[in-house]
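The values are calculated or read from the model by the stated rules, or taken from the named source; none is laboratory data. Small disclaimer: the values here were computed from a predicted structure and weren't measured. Cβ placement follows ideal geometry from the backbone for every residue including glycine, while neighbour counts extend to all protein chains displayed. All accessible areas refer to the heavy atoms of the entire protein, side chains included, with ligands and DNA or RNA removed. Shrake-Rupley method; radii C 1.70, N 1.55, O 1.52, S 1.80 Å.
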Amino acid sequence: RAPDRRGSPRLASTRLGALRLRPSRRVPARAPAPAQAPLDPLGPRLLGLRRNMAAPMTPAARPEDYEAALNAALADVPELARLLEIDPYLKPYAVDFQRRYKQFSQILKNIGENEGGIDKFSRGYESFGVHRCADGGLYCKEWAPGAEGVFLTGDFNGWNPFSYPYKKLDYGKWELYIPPKQNKSVLVPHGSKLKVVITSKSGEILYRISPWAKYVVREGDNVNYDWIHWDPEHSYEFKHSRPKKPRSLRIYESHVGISSHEGKVASYKHFTCNVLPRIKGLGYNCIQLMAIMEHAYYASFGYQITSFFAASSRYGTPEELQELVDTAHSMGIIVLLDVVHSHASKNSADGLNMFDGTDSCYFHSGPRGTHDLWDSRLFAYSSWEVLRFLLSNIRWWLEEYRFDGFRFDGVTSMLYHHHGVGQGFSGDYSEYFGLQVDEDALTYLMLANHLVHTLCPDSITIAEDVSGMPALCSPISQGGGGFDYRLAMAIPDKWIQLLKEFKDEDWNMGDIVYTLTNRRYLEKCIAYAESHDQALVGDKSLAFWLMDAEMYTNMSVLTPFTPVIDRGIQLHKMIRLITHGLGGEGYLNFMGNEFGHPEWLDFPRKGNNESYHYARRQFHLTDDDLLRYKFLNNFDRDMNRLEERYGWLAAPQAYVSEKHEGNKIIAFERAGLLFIFNFHPSKSYTDYRVGTALPGKFKIVLDSDAAEYGGHQRLDHSTDFFSEAFEHNGRPYSLLVYIPSRVALILQNVDLPN
């Protein structure tokens, strides 16, 4: 079983208190102190190369060498000049970008010369695995370089392990053709069980599931999954085209299995019929689906993958997942897959581990092939067949299920040989270059992004990276990683820190603004107040931090507000709106958290007597007019709808005109809107002057104090606010506003077109 993933470096490192995404203009590059070069077992030639990787180039020693190296890098990387123009502090690392880009280009060239191009290379699933031929026969193919022999067995041959041997090919590949029956029918029917039999060099006989298996199930009390030959007579026919790429990304992070209020594993059908309409109604235009790639251990939250090409059977059939995606597309909602290529489950009987009887095959051999904290295996990204497997996996989900992109999990672990373990990531540029970077993994990510955006130009890729690596979300042509977005992982940690460690009156407005705006220029971020990480057992959601046990007793509208519930509801709205408006170029919410879902999230496991009580989402709470959850749900809906109308996530970063510590006021402008937040727990302000860039008349378009949001109705929405040519906080105009305590407002200049 997989360990509790909250021990992963992505969470451990984010809670060190250091801010993650340092803007380049505030972090000048610092050359590391010279170090004694170790003896290199691979020889002096590689040692010289590695010594060059270890330190940035600087003009101080030999200016002519620096200029020559810089010019060579600019010549090799098509748009590197643009990256260095955006961030001049990256100039000392130009040779790193050059080396990364050349490695990416060389592999792409090799694929073209040896495989006919990445288009053909990424179609591995069309030949590997088991396939029905036009004549009714079966073609089978596997990569098992450490095997002595390979065989196919199953229901079709009475489980005789050796009656159908594969023929050995070059480069560790094996193939088998099984002719059809005399009546031309297939020998292995749809729905029958199969196994690959491996005879190892040590003489062991191993029963394995093909890495390319498209459907696996666990029946009854069986410990391991069974490989089911999935070859239905009629495949699902998609009815709707992919929606256009949204200008603003509003993501609803979802888990199919917990989407019901009942104590059971919910189905694809349930999600399609019951949850998709809710997501649409809330104004989200993107779903990020977790735990879809098959994982034997449900409580791993889908992060210990056993079968990479199989959609999880615990929720239903592949066709039902296809219907889910198709239905979302009919609603104008794009669907992203949470793809896990950072590691794999250690399971061998129903996973990739030890597939050919060796500890390598798809993974690094020895200690490098194991992630100690996650207790999982690490891919050998420099291996030709591993690249084929992973890139084909990307294409499979894009084409077979029509996902619209990916959220790549565990990117920090991939990027560095230390996997982020014990790293604070201060923002010093030397942390992102040199020997600690796993450039094979980085090159794979560049190839994956290249493939995704070549196949589907409107596709979206998101990196879960806590380190803040520069240029990860810059174009590959600039030497970057090619991602569209990265997760702004410091933001939820900041909110949890404030709620845990500080009184409301001690919240630092400048610190909040800094955390929300501290991101690299032109590298887009997905902002979020909380995700699934914060909902897991051992942590608390924002609502639970704010209201805790009173959520069980005082959420009825028939009872007066208690101070705890009043504070919780008002701050819950404010935290989400300021994160939405100021924190990034996209926004994410984990399912149920929009309405302050009570309790935590805990999957059935031995520690809770295999209970499903906390592995569910109680959406019905928002449908009960007698409960206050509806207020938070209404606010989340109208916040998203307002963003759809004005598009602040797609607008340039906000101009913050005020962050007043004594008054606890934050004010900023974005997309022609004026956002005002009063975080003071008790003080309201009459005729408070707020700066703006725009002259004219303003009206309230969103008010967290409104009755439909559980507010106190202290503002008159018919009031007109007129700005005057009175400079304030660096803005040429200003207006006077009444700002009640614990209120968030958005004002629109009505003289401007919507």
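Out of the range 89-171, which trypsin sites (Lys or Arg not before Pro) are coil in DSSP terms and have no more than 13 other C-beta atoms within 10 Å? Could you put the intermediate results ahead of the total?
Details: sites: R99, R100, K102, K109, K120, R123, R132, K141, K167, K168; in loops: R123.
Counting only loop positions with at most 13 other Cβ atoms within 10 Å, none of the trypsin sites (Lys or Arg not before Pro) in the range 89-171 qualifies.
Give the ranking of R520, R637, R731 by solvent-accessible surface, highest area first, calculated with a 1.4 Å probe.
Values: R520 15, R637 65, R731 35 Å².
Sorted by accessible area, descending: R637, R731, R520.
Suppose we flag GluC sites (Glu not before Pro) only when DSSP calls them loop and at most 14 other Cβ atoms lie within 10 Å. Which is the longest uninterrupted stretch of the chain? Intermediate values should be presented prior to the final figure.
On the way: sites that count: E204, E219, E233, E237, E262, E610, E661, E727.
In short, 263-609.
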**Report entry** Between the range 544-580 and the range 719-748, the Cα center-to-center distance that results, in Å
**Finding:** 27 Å
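Name the trypsin sites (Lys or Arg not before Pro) in the range 216-292 that are in a loop by DSSP and that have at most 14 other C-beta atoms within 10 Å, would you? Please report the intermediate quantities before stating the final value.
Working: sites: R218, K239, K244, R247, R250, K264, K269, R278, K280; in loops: R218, K239, K244, R247, K264.
Here the trypsin sites (Lys or Arg not before Pro) that fit, given the DSSP loop and packing criteria, are K239, K244, R247, K264.
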Query raised in the report: Which lysines, on any chain, are close to K524 with Cα under 16 Å apart, when same-chain ones fewer than 8 places away are left out?
Result: K245
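Using only alpha carbon pairs under 8 Å that are at least six residues apart, calculate the relative contact order of the chain and give it in whole percent.
Numbers: 1576 pairs, mean separation 94.5, N = 754.
It rounds to 13 percent for the chain.
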Query raised in the report: log₁₀ I(q)/I(0) of the range 122-229 at q = 0.19, 0.24 Å⁻¹, via Debye over equal Cα point scatterers, no solvent, to two decimals?
Result: -1.01, -1.48
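What are the chymotrypsin sites (Phe, Trp or Tyr not before Pro) within the range 135-225 that DSSP puts in a loop, where the Cβ has at most 14 other Cβ atoms within 10 Å? Please report the intermediate quantities before stating the final value.
Values: sites: Y139, W143, F151, F156, W159, F162, Y166, Y171, W174, Y177, Y207, W212, Y215, Y225; in loops: W159, F162, Y166, W212, Y215, Y225.
Here the sparse-neighbourhood loop sites are W159, F162.
I'm checking a number: the convex hull volume of the Cα atoms of the range 710-754, normalised per residue, in Å³. What is it? Could you put the intermediate results ahead of the total?
Working: hull volume 5.3 nm³, N = 45.
About 117 Å³ per residue, rounded to a whole number.
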Query raised in the report: In this model, which of K239/K269; K244/K280; K168/K195; K573/K664; K193/K239 are farther than 20 Å apart at the alpha-carbon?
Result: K193/K239
Report summary line: Measuring from the longest principal axis of the C-alpha atoms of the chain, the long axis of helix 44-54 (C-alpha) lies at a number of degrees, nearest 10, equal to 20 degrees
Requested in this report: Rounded to whole Hz and in sequence order, give me ³J(HN,Hα) for the range 496-512 from the Karplus expression 6.51 cos²θ - 1.76 cosθ + 1.60, θ = phi - 60°, writing x for Gly and Pro.
Outcome: 5, 4, 4, 5, 7, 10, 10, 5, 4, 6, 9, 4, 9, 5, x, 5, 4
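Under 11 Å from the Cβ of Q713, count the other residues' Cβ atoms, weight Lys and Arg +1, Asp and Glu -1, and hand me the total. Intermediate results must be reported in sequence, preceding the final value.
Working: positive: R714; negative: D703, D705, E708, D716.
Here the count lands on -3.
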Report summary line: Relative to the chain, whose Cα atoms define the longest principal axis, helix 318-330 and its Cα axis are tilted in degrees, nearest 10, by 30 degrees
Query - Surface share of carbon and sulfur [accessible, 1.4 angstrom probe, percent] for the chain - result: 51 percent
Requested in this report: Could you please put C273, C361 in sequence from largest to smallest accessible area, using a 1.4 Å probe?
Outcome: C273, C361
Query raised in the report: How large is ³J(HN,Hα) for each residue in the range 231-241, as worked out from phi by the Karplus curve 6.51 cos²θ - 1.76 cosθ + 1.60 (θ = phi - 60°), to whole Hz, x for Gly and Pro?
Result: 8, x, 4, 10, 8, 5, 9, 5, 9, 10, 7
Query raised in the report: In terms of modelled amide H atoms, which long-range or inter-chain residues lie less than 5 Å from the amide H of L536?
Result: L601
Query raised in the report: For the chain, what is the accessible area per residue in Å², given a 1.4 Å probe and the full set of protein chains?
Result: 37 Å²
Report summary line: Which of (i) 47.7; (ii) 35.3; (iii) 37.2 gives mean projected area of the Cα convex hull in nm² as computed here? It is (ii)
Report summary line: Between the modelled labels at N110 and E644 (7 Å from Cα along Cα→Cβ) the distance in nm is 4.8 nm
Report summary line: To the nearest 10 degrees, the tilt of helix 439-455 (Cα long axis) against the first principal axis of the alpha carbons of the chain is 80 degrees
Query raised in the report: Once phi is turned into θ = phi - 60°, what whole-Hz ³J(HN,Hα) does the Karplus curve with 6.51, -1.76 and 1.60 give for every residue of the range 114-129, x standing for Gly and Pro?
Result: 9, 10, x, x, 5, 4, 6, 4, 8, 9, x, 5, 7, 10, 6, x
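Please give the length that would be gained between H261 and N729 if that part of the chain were fully extended, namely 0.36 nm times their separation in residues minus their C-alpha to C-alpha distance (nm, one decimal).
Numbers: separation 468, 0.36 × 468 = 168.48 nm, distance 4.93 nm.
Full extension from H261 to N729 adds 163.6 nm.
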